[in-house]
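Structure in structure tokens, see below.
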Amino acid sequence: MRHHTLDMEVGSHLSVRRTGYSHHGIYIGRGMVIHFTGDKGASAFIKKETLQDFLYGGTLKIIRHRNPKYTPQEVVARAYSKLGQKQGEYNLLFDNCEHFANWCIEGKHISHQANTGLGIALGSAAGIAIMILTGGRIRM
């Protein structure tokens, strides 16, 4: 995937930087976005709102998928198919806005930022565990 700030089209995967993460949604045209939103541990849902509200003062990036499974019209239809649905609890690692956007475009429930964050967290935890178990003595 490549990031762009121009060429927004219907069915585009949008991203906006927020404190500590990026928020994702699908551009459906006429200045509107469908995205998955909710607070950690709270009920989350698929919501439609203006691009301006979605951006919340942040900078827009468009994520290009190299081999999208669906056409832009199908991407929008998939986003609309979930509109208003409650998704249970919002989970930054396992069920977030990027999972939703990628599902709409690729048919895959994946989040690159969650996978990266989980990898860093697991690697850090493993490193700490090794340090504790070896008393800080590691041979290389």
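Might you check whether a residue that is surrounded by 12 or more Cβ atoms within 10 Å (Cβ to Cβ), assigned to a loop (DSSP other than H, G, I, E, B), at pLDDT 85 or above and under 15 Å from the mean Cα position of the chain (by Cα) occurs anywhere in region 40-51? Spell out the reasoning first.
Filtering region 40-51 for residues surrounded by 12 or more Cβ atoms within 10 Å (Cβ to Cβ) gives 44-49, 51.
Checking the rest, the ones that are also assigned to a loop (DSSP other than H, G, I, E, B) come to none.
The answer is no, given that none of the residues of region 40-51 is surrounded by 12 or more Cβ atoms within 10 Å (Cβ to Cβ), assigned to a loop (DSSP other than H, G, I, E, B), at pLDDT 85 or above and under 15 Å from the mean Cα position of the chain (by Cα).
For (1) more than 21 Å from SER22 (Cα to Cα); (2) among the hydrophobic types (A, V, I, L, M, F, W, C); (3) in contact with a strand residue (DSSP E or B) (Cβ under 9 Å, 6 or more places away or on another chain); (4) at pLDDT 90 or above, each residue gets a yes or a no:
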residue	(1), (2), (3), (4)
LEU55	no, yes, yes, yes
ILE63	no, yes, yes, yes
VAL75	no, yes, yes, yes
ARG78	yes, no, yes, yes
LEU83	no, yes, yes, yes
LEU93	no, yes, no, no
GLU98	no, no, yes, yes
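Going through region 18-30 one residue at a time, which ones are among the small types (Gly, Ala, Ser) and at pLDDT below 95?
Answer for region 18-30, where residues must be among the small types (Gly, Ala, Ser) and at pLDDT below 95: GLY20, SER22.
Find all pairs meeting these conditions: Cβ atoms under 6 angstrom apart; at least six residues apart or on different chains; first residue within region 18-43 and over 11 Å from VAL76 (Cα atoms); second residue among the basic types (Lys, Arg) and at pLDDT below 80.
SER43/LYS86
While we're on this one: Residues in region 1-17 that are surrounded by 12 or more Cβ atoms within 10 Å (Cβ to Cβ) and either charged (D, E, K, R) or at pLDDT 90 or above (or both): how many?
So the answer is 8.
The values are calculated or read from the model by the stated rules, or taken from the named source; none is laboratory data. Nothing here was measured: the structure is a model prediction, and the numbers come from that model. Quick reminder, even Gly has a Cβ in these numbers, built from the backbone with ideal geometry, and neighbours come from all protein chains shown.
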